[in-house]
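Have a look at the structure below, then the notes.
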Amino acid sequence: MKSITKAFLVLAVSCISSASFSQNADSVWAHNNYTKEEKMIPMRDGVKLFTAIYSPKNNSEKHPILVIRTPYSCAPYGKEFSSRVYGTYWINYLKENYIIVMQDVRGRHMSEGEFMDVRPFNANKKSQTEIDEASDTYDAVEWLIKNVPANNGNVGFFGISYPGFYSTMAALSEHPAVKAVSPQAPVTEWFLGDDFHHNGAFALMDGFSFYYGFGVPRPKPTKDYWREYDFQTKDNYSFYLKTGALRNFTKIMGDSIKFWNDMMNHPTYDNWWKARDARRACKNIKPAMMVVGGLFDAEDCYGAWNLYKAIEKQCPATNNKLVMGPWFHGGWSRGTGGYLGNVKFGSKTSEYYQKNIEVPFFNHYLKGKKDPALAEATIFFTGENTWKQFPSWPPANIEMTTMYLQADQQLSIKKPRLGESSTKYISDPKKPVPYTEDVHLSRTREYMTDDQRFAARRTDVLVFETSALNADMTLAGPVIADLKVSLSSTDADFVVKVIDVFPDNFKYDSLYCCDGYDSKVEMAGYQMLVRGEIMRGKFRNSFETPEPFTPGKVETVKFELPDVAHTFKKGHKLMIQVQSSWFPVFDRNPQKFVDIYKCEDNDFIPCEIKVFHQADASSSVLLPVLKNQ
């Protein structure tokens, strides 16, 4: 044991030393070959936005401009270089002599003006001084191409998460110099799928922890400011359960967090939410687009899939690409992309993406280098751990296959024939189903591939599974849950999880070592979460107009899970779990028809839920099975 520990420590120190040496060398190279200047760029209404510009010293040729607009700060301010330009894969852009531009968006940090979360796109500006994020982009680009020396007139935008939203807005700016845009894990729609709501259910952990810090009013200008909440515990399950109803979190927030209070005052999918859906604006996109996301992104998985689809539907002439890899939120930009939690992906997928997809994409459209023929959809399939390319997404050669929940906890293509058959459970808000079996303070990203055996053992989680597969089965597209249920109360949530059950004799053929060390976790019998999603029951017929359930009445709860790209290998099983809480990733449903944002602690009641598997009420999941591979 001592020798193993010593060997590991030596290896760890060696890896850290190697990484530090590489970063230091890149830092020296960047400072020797680049200059930094800071400008306040005027917008059409007179507001000025802080902008940091990193330019090559070598002006023997003209250079493209690559821009990130962010609400998270361009720090460090002053002469010091941002470590992002030399300590990440961005160093590849410096080696290609790009001009790198970082800009604080309106009202954030060192920029003037008033900040607005997911500021709606205004397609009908009536005056020269009306602004939105697209107009701010236009004005910034116009200034850059006129005032930054040795630029070649070609501008690209990229950004992850919130900067992904600003990238989408850049694509809508209609500035002719904007030639290529890559929204990555883009904030797209905050009621139906991204970050703070999924199908109307509030993402409690992310919403509270993010807005307590991000939403606090700041002095202007400010170089950096973030407020941290003192949880006084490392057990998030206990903290969120004891704090209780959402109104109690609103009290903690106070009156100053505008967007939190806006969310609490818009409990349905009304026009306020619809105006903040970035997809609705995607109707006249001229630049080449490359939408990027992670299969296991706990924050913005919905955004990447659905922004791509919206552009395809609304702008069929747009050169629009999709890239999805086995990554957590932003995982393609850092780390190796070789694993998530206990699940290994067999190669350094992040490095592959950076070198073979993203940099060549921008080089082609901004520098005129030959594009290596990037496919319409480049998707990594977990399970078999391979990249696949498709001329469309979802692929044309999928066969939507219905798998029915059976009375004996089986899952099969045979429709039930029983006259009366259901499985029931009690959903108790005082003991909600946890999203992971471990104790954590912050929401983990690894839960997206976590072992689900802890949940399968609970009496308030229903389990249905196939027999061992006699051949590989690949899913490529969205999964549709179609549940037939009855409640003893007037509302409930429904969580459906798609799970890959590893055989009892499973062993990795070769354990991929992402950082020179592998813990060799025992994976026999592992129940890998492939995809999970929640549906707030009262929105089952309309997100605009919620409806109570009629106690005892059989009703349909049908909803879509974000796309899946996974191969269930021969000998594995496909499992479906059904439950009515997923805590504290999502808030608890009181299980009666009330305004959940305003209800009291005593509104939370247990509910008996029946899931039917009979001839006239057959619960099922619709799977996108890939054929003729």
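Below is a table of values for the structure above.
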{"quantity": "Of all DSSP beta bridges in the chain, antiparallel share, percent nearest 5", "calculated": "70 percent"}
{"quantity": "Kirkwood Rh, Cα atoms: Rg over Rh of the stretch 343-479", "calculated": "1.08"}
{"quantity": "Exceeding the 23 Å Cα-Cα cut-off - candidates Lys344/Lys497; Lys62/Lys370; Lys553/Lys573; Lys179/Lys348", "calculated": "Lys553/Lys573; Lys179/Lys348"}
{"quantity": "Percentage of interatomic Cα-Cα distances in the chain larger than 33 Å", "calculated": "48 percent"}
{"quantity": "Projected-area mean, the stretch 166-259, by convex hull of Cα positions, square nanometres", "calculated": "8.8 nm²"}
{"quantity": "Relative contact order %, the chain, counting alpha carbon pairs below 8 Å whose residues are six or more apart", "calculated": "14 percent"}
{"quantity": "Net charge of neighbours whose Cβ lies under 13 Å from the Cβ of Leu561, counting Lys and Arg as +1 and Asp and Glu as -1", "calculated": "-1"}
{"quantity": "Long pairs among Lys424/Lys538; Lys95/Lys367; Lys258/Lys430, criterion Cα-Cα beyond 21 Å", "calculated": "Lys258/Lys430"}
{"quantity": "Convex hull (Cα only) mean projected area of the stretch 511-628, reported in nm² to one decimal", "calculated": "12.7 nm²"}
{"quantity": "Distance (nanometres) between label positions extended 7 Å along Cα→Cβ at Lys553 and Asn33", "calculated": "6.9 nm"}
{"quantity": "Normalised alpha carbon radius of gyration of the stretch 398-626 [divisor 2.2 N^0.38 Å]", "calculated": "1.05"}
{"quantity": "Compactness of the stretch 244-358 as Cα Rg over 2.2 N^0.38 Å, two decimals", "calculated": "1.38"}
{"quantity": "Farthest toward positive dipole pole in the chain [+1 Lys/Arg, -1 Asp/Glu at C-beta], among Pro316, Pro590, Ala492", "calculated": "Pro316"}
{"quantity": "Hits among aspartates and glutamates - C-alpha to C-alpha of Lys610 under 20 Å, sequence gap 8 or more where chains match", "calculated": "Asp408, Glu420, Asp428, Asp460, Glu465, Asp482, Asp491, Asp493, Glu533, Glu547, Glu555"}
{"quantity": "Using alpha-carbon coordinates, inclination of helix 162-171 to the longest axis of the chain, degrees", "calculated": "60 degrees"}
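FYI, it's all coordinate maths here, none of it is from the lab. The structure displayed is predicted, hence computed values, not measured ones. Quick reminder, even Gly has a Cβ in these numbers, built from the backbone with ideal geometry, and neighbours come from all protein chains shown.
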